[in-house]
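These notes concern the structure reproduced below.
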Amino acid sequence: MTSIAGLITRTLVGSFLPTTEKVQRNALGGAIIAVLVITAYIASMIGAWFALLPYYGPAISCALIAAGTLFVALIVWGVTAELNRRARHKLQLERQARAASIDSQLVQGAMSTMPAMLRESPVATLVFVSGLAYALMKSQRADPK
């Protein structure tokens, strides 16, 4: 069983891991989109050059390449947005479950320690109960966006 101080610290500090995962996912999606947009730009320039030629076959093929890469870029953008939405939803569910778990563990630990603390030092008990109430209130607060 974890200590009460560890539970309070985890409640107050939280976790920064989901933020780094989101940044990595956005960076990868952005990099793929950038490569595909640059490819579409180059293909459209080549297509415009070929459009000036008397023979229009290469221009149409370059235009199709540009349209295809833009289509793939839009698909990657949509998939990245969907992954971000799912990750936000999963993070919200994990935070709710963690808050409920920490609350029950804190209350259980406090109730088991309370009688001995009350006998030894009423002032320390008052400080402990105040800290516990603060931690519980902080864990119940809405998540800032």
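Each reported figure results from applying straightforward, stated rules to the coordinates on display, with no laboratory input. Only a predicted model underlies this, so the values are computations on that prediction, with no experimental measurement involved. Using ideal geometry, Cβ is built from the backbone for each residue, glycine included, and neighbour counts are taken over all protein chains shown.
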*State, to one decimal in nm, how far the label point of residue 26 lies from the label point of residue 133, with both points 7 Å from Cα in the Cβ direction.*
3.9
*Give me the distance in nm between label points sitting 7 Å out from Cα along the Cα-to-Cβ direction at residue 77 and residue 61, one decimal.*
2.8
*May I ask you to derive the FRET efficiency for residue 86 and residue 35 from their Cβ-Cβ distance with R0 = 35 Å, giving the value to the nearest 0.05?*
0.90
